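*Asks:* First the structure, then my questions, so here it is.
The values are calculated or read from the model by the stated rules, or taken from the named source; none is laboratory data. This structure is a prediction, so every number in the text was calculated from the model and none was measured. Heads up, the Cβs are rebuilt from the backbone with ideal geometry, glycines too, and the neighbour counts pull from every protein chain shown.
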Amino acid sequence: MTNNLLSSSSIIESKQQLIDYIASGSKPREKWTIGTEHEKFGFCMDSLRPVPYEGSRSIRAILEAMQAYGWDPILEGQTIIGLKKDGQSVTLEPGGQLELSGAMRKSLHETCAEVGSHLELALKVSEKLGIGFLGMGFNPNTARADVPIMPKGRYVIMRNYMPKKGNLGLDMMLRTSTIQVNLDYSDEADMVKKFRVSLALQPIATALFAASPFTEGKPNGYLSYRSHIWTDTDADRCGVLPFVFEEGMGFEAYVDHVLDVPMYFVYRDGKYIDVSGQSFRDFMKGELPGLPGEIPTIQDWEDHMSTLFPEVRLKKFLEMRGADGGTGRRICALPALWTGIFYDQTSLDAAYDMIKTWSHEDHQYLRDEVPRLALNTPFKTGKVLDIARQMIELSADGLRRRAIVNKTGDDETLFLETLRETVESGKTTAEIMLEKYHTPESEGGWGGDISRIFKDYSF
């Protein structure tokens with residue numbers, strides 16, 4: 001079956017179709033785009049607690065209010081679980097984190113304008129309800145048991161399965177928030193190089209965006225606790241993916257990896273069927289215990305691919321997944337960082353030269369240590385801070401060569417400024433938060449009062 005015959009309803013008859021599915025994401029350079037996603041914590045302005053799904057002041061009320069501005073509802077049964085408009089979607093994470101999945105845009109100027117437009121509307125409707133939004137990587141003041149659960153069927157299955165695979169999976173679902181960017185590749189070789197570069201450098205991005213140092217009102221010992229959580233969530237579907245750096249890496253190697261990850265669910269007739277722990281390979285043979293005799297479709301494959309959570313995820317594009325959530329300028333900085341490297345061949349080649357001799361032990365070391373120490377993590381003859389500086393400069397060089405300017409003549413490097421400030425100071429957002437937390441109120445700090453974070457880091 002050729003690529004252009006694949007549709008969501010196509011029955012999967014061979015592994016080659018799954019390879020073709022990913023390969024069909026290949027695009028010529030002139031068609032490359034940028035898709036920015038970000039999550040944020042909603043909170044009730046008076047109590048500083050998470051926002052429930054139902055009620056006069058609720059997530060549902062926000063979604064219903066946004067429909068007046070041209071957004072169409074996404075329903076599960078009769079329940080509104082998101083919105084869509086012009087290639088964008090607003091969706092709910094399990095603990096009520098509100099996510100914008102942006103449309104695929106040609107430039108950073110466009111994707112950042114989209115982020116700004118969304119935030120303007122989200123704040124406009126939520127402030128009338130007494131709701132604010134917080135930008136950071138982990139809920140700073142709420143116990144897991146006190147987080148309201150969103151009414152999405154797939155999340156019920158995940159909540160039941162997660163504790164069987166790790167100790168922190170429910171925290172990942174309910175109390176984390178991230179910024180992501182989706183970027184294109186031209187062919188298999190380009191995908192492999194970009195996958196290797198981004199997987200190796202993902203801990204550096206984690207360090208630059210570290211913003212989750214608090215748990216239930218107290219310092220937790222990490223600068224990116226969100227990142228640490230993924231190390232104890234589910235080893236089957238998370239981690240550094242050593243095979244990506246091995247000879248033979250390509251579309252088929254990734255398909256084999258996905259096939260070996262246990263399933264969560266199958267979606268049929270508007271309902272999620274729990275097949276957690278079962279095999280997609282058995283599904284392809286019609287031998288899935290939870291759905292005997294049934295053969296999967298491409299939609300089932302798409303659903304299964306979406307349940308893998310490595311630091312970089314391959315679909316018909318590559319997703320960068322290593323950053324903590326943050327406020328306005330940080331949201332735009334994440335796509336800028338990766339676009340400058342991915343979409344300029346000189347910068348991509350230079351980044352590859354920088355990481356090509358790193359060993360699996362190097363990758364694992366960075367993955368384990370960066371959540372704790374961020375830019376201060378010792379590495380090779382220096383620190384992660386040194387690599388972060390190089391990474392930002394490679395990105396800036398690439399963005400300058402792209403030479404895409406806005407109406408006032410500024411190129412896309414302007415979106416890197418907040419990261420330049422981070423490396424120049426040597427302090428992550430998390431470290432600045434901790435300084436404020438430990439500084440007495442009499443000296444302009446928070447004096448140990450975590451409620452102050454809702455003023456300083458809300459949108």
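*Asks:* With (1) assigned to a loop (DSSP other than H, G, I, E, B); (2) surrounded by fewer than 19 Cβ atoms within 10 Å (Cβ to Cβ); (3) out of contact with any Leu (no Cβ under 8 Å at 6 or more places or on another chain) as the list, and GLY96 as the residue in question, which single condition is left unmet?
*Replies:* Tallying (1) assigned to a loop (DSSP other than H, G, I, E, B); (2) surrounded by fewer than 19 Cβ atoms within 10 Å (Cβ to Cβ); (3) out of contact with any Leu (no Cβ under 8 Å at 6 or more places or on another chain), GLY96 fails exactly one: (2).
*Asks:* Could you check, for region 219-234, whether at least one of its residues is free of Cβ contacts under 8 Å to residues at least 24 places away in the same chain and not polar (S, T, N, Q)?
*Replies:* no
*Asks:* Tell me which residues, restricted to region 397-415, are assigned to a helix (DSSP H, G or I) and surrounded by fewer than 23 Cβ atoms within 10 Å (Cβ to Cβ). Steps first, answer last, please.
*Replies:* Filtering region 397-415 for residues assigned to a helix (DSSP H, G or I) gives 397-402, 412-415.
ASP397, ARG400, ARG401, ARG402, THR413, LEU414 - these are the residues of region 397-415 that are assigned to a helix (DSSP H, G or I) and surrounded by fewer than 23 Cβ atoms within 10 Å (Cβ to Cβ).
*Asks:* Taking the criterion of being within 26 Å of VAL312 (Cα to Cα), of a type in the set (Ser, Thr, Tyr), under 27 Å from the mean Cα position of the chain (by Cα) and not in a helix (DSSP H, G or I), would at least one residue in region 419-435 satisfy it? Give the derivation first.
*Replies:* Filtering region 419-435 down to residues within 26 Å of VAL312 (Cα to Cα) leaves 419-423, 426-431.
Okay, now just the ones that are also of a type in the set (Ser, Thr, Tyr), so 422, 428-429.
Those still in the list that are under 27 Å from the mean Cα position of the chain (by Cα) too: 422, 428-429.
Checking which are not in a helix (DSSP H, G or I) leaves us with 428.
Yes, some residue in region 419-435 is within 26 Å of VAL312 (Cα to Cα), of a type in the set (Ser, Thr, Tyr), under 27 Å from the mean Cα position of the chain (by Cα) and not in a helix (DSSP H, G or I).
*Asks:* Among (1) of a type in the set (Ser, Thr, Tyr); (2) without any contact (Cβ under 8 Å) to a residue 12 or more places away in the chain; (3) in contact with a helix residue (DSSP H, G or I) (Cβ under 8 Å, 6 or more places away or on another chain), there is one condition TYR21 misses while meeting the rest; what is its number?
*Replies:* Every condition holds for TYR21 apart from (2).
*Asks:* Looking only at region 61-93, count how many residues are more than 22 Å from THR33 (Cβ to Cβ), buried (at least 20 other Cβ atoms within 10 Å of the Cβ) and free of Cβ contacts under 8 Å to residues at least 40 places away in the same chain.
*Replies:* Looking only at that region, the number is 1.
*Asks:* I need every pair where a residue in region 182-199 that is under 20 Å from LEU334 (Cβ atoms) has its Cβ under 6 Å from the Cβ of a residue that is assigned to a helix (DSSP H, G or I) and of a type in the set (D, E, K, R), sequence separation at least 6 or different chains.
*Replies:* Partner pairs satisfying both residue conditions: TYR185/LYS194.
*Asks:* Which one is surrounded by the most Cβ atoms within 10 Å (Cβ to Cβ) among residues in region 218-237 that are more than 15 Å from the chain's Cα centre (by Cα) and among the charged types (D, E, K, R)?
*Replies:* Step by step, filter region 218-237, then rank; the result is ASP234.
*Asks:* Which condition does CYS332 not pass, out of (1) closer than 22 Å to VAL370 by Cβ; (2) crowded, with 24+ Cβ neighbours inside 10 Å, if it passes all the others?
*Replies:* Going through the list (1) closer than 22 Å to VAL370 by Cβ; (2) crowded, with 24+ Cβ neighbours inside 10 Å, CYS332 breaks only (1).
*Asks:* For region 239-314, which fully contained strands (runs of 3 or more DSSP E) count at least 1 residues that are closer than 25 Å to MET173 by Cβ and of a type in the set (Ser, Thr, Tyr)?
*Replies:* Values: elements: 265-268, 271-274, 312-314.
Correct list: 265-268, 271-274.
*Asks:* Exactly one of these conditions fails for ASP20: (1) assigned to a helix (DSSP H, G or I); (2) closer than 24 Å to ALA333 by Cβ. Give me its number.
*Replies:* All conditions are met except number (2).
*Asks:* Still on this structure, I have one more. Checking the conditions here, which among VAL240, VAL261, VAL255 is within 30 Å of ILE331 (Cα to Cα) and either surrounded by 16 or more Cβ atoms within 10 Å (Cβ to Cβ) or at pLDDT below 95 (or both)? Walk me through how you get there before you give the answer.
*Replies:* Details: VAL261 fails: within 30 Å of ILE331 (Cα to Cα); VAL255 fails: within 30 Å of ILE331 (Cα to Cα).
On inspection, the qualifying residue turns out to be VAL240.
*Asks:* Report, ordered by the first and then the second residue, all pairs with beta carbons closer than 8 Å, sequence separation of six or more or different chains, a first member in region 436-459 that is surrounded by fewer than 12 Cβ atoms within 10 Å (Cβ to Cβ), and a second member that is acidic (Asp, Glu) and in a loop (DSSP other than H, G, I, E, B).
*Replies:* Matching pairs, first to second residue: GLU441/ASP449.
*Asks:* Could you grab the pairs with beta carbons closer than 7 Å, sequence gap of 6+ or different chains, first residue in region 307-320 and closer than 21 Å to SER8 by Cα and of a type in the set (S, T, N, Q), second one in a loop (DSSP other than H, G, I, E, B) and modelled with pLDDT of 95 or more?
*Replies:* Listed by first residue and then by second, the contacts come to THR307/ARG237; THR307/TYR264.
*Asks:* Which condition does ILE331 not pass, out of (1) under 24 Å from LYS106 (Cβ atoms); (2) out of contact with any His (no Cβ under 7 Å at 6 or more places or on another chain), if it passes all the others?
*Replies:* Result: ILE331 fails condition (2) only.
*Asks:* Scan the helices (runs of 4 or more DSSP H) fully inside region 133-217 and keep the ones with 1 or more residues being buried (at least 24 other Cβ atoms within 10 Å of the Cβ). Break it down stepwise before answering.
*Replies:* On the way: elements: 153-161, 169-175, 188-208.
Once the helices (runs of 4 or more DSSP H) in region 133-217 are filtered for at least 1 residues that are buried (at least 24 other Cβ atoms within 10 Å of the Cβ), what remains is 169-175, 188-208.
*Asks:* Further question: For region 362-418, which positions are acidic (Asp, Glu) and over 25 Å from HIS228 (Cβ atoms)? Don't jump to the end; show me each part of the working.
*Replies:* Initially, region 362-418 is screened for residues acidic (Asp, Glu), giving 362, 368-369, 386, 393, 397, 410-412, 417.
Those that are acidic (Asp, Glu) and over 25 Å from HIS228 (Cβ atoms): GLU393, ASP397, ASP410, ASP411, GLU412, GLU417.
*Asks:* Out of region 264-287, which residues are surrounded by fewer than 16 Cβ atoms within 10 Å (Cβ to Cβ) and within 17 Å of ASP234 (Cα to Cα)?
*Replies:* Result: GLY277, single match.
*Asks:* Can you tell me which residue among ARG57, ARG105 is in contact with a Cys (Cβ under 7 Å, 6 or more places away or on another chain) and surrounded by 16 or more Cβ atoms within 10 Å (Cβ to Cβ)?
*Replies:* Working: ARG105 fails: in contact with a Cys (Cβ under 7 Å, 6 or more places away or on another chain).
Just one listed residue meets the conditions, ARG57.
*Asks:* With respect to GLY290, is the statement that it is farther than 22 Å from TYR185 by Cα and surrounded by fewer than 22 Cβ atoms within 10 Å (Cβ to Cβ) true? Break it down into steps so the answer makes sense when it comes.
*Replies:* Details: farther than 22 Å from TYR185 by Cα: yes; surrounded by fewer than 22 Cβ atoms within 10 Å (Cβ to Cβ): yes.
For GLY290, the condition - farther than 22 Å from TYR185 by Cα and surrounded by fewer than 22 Cβ atoms within 10 Å (Cβ to Cβ) - is met.
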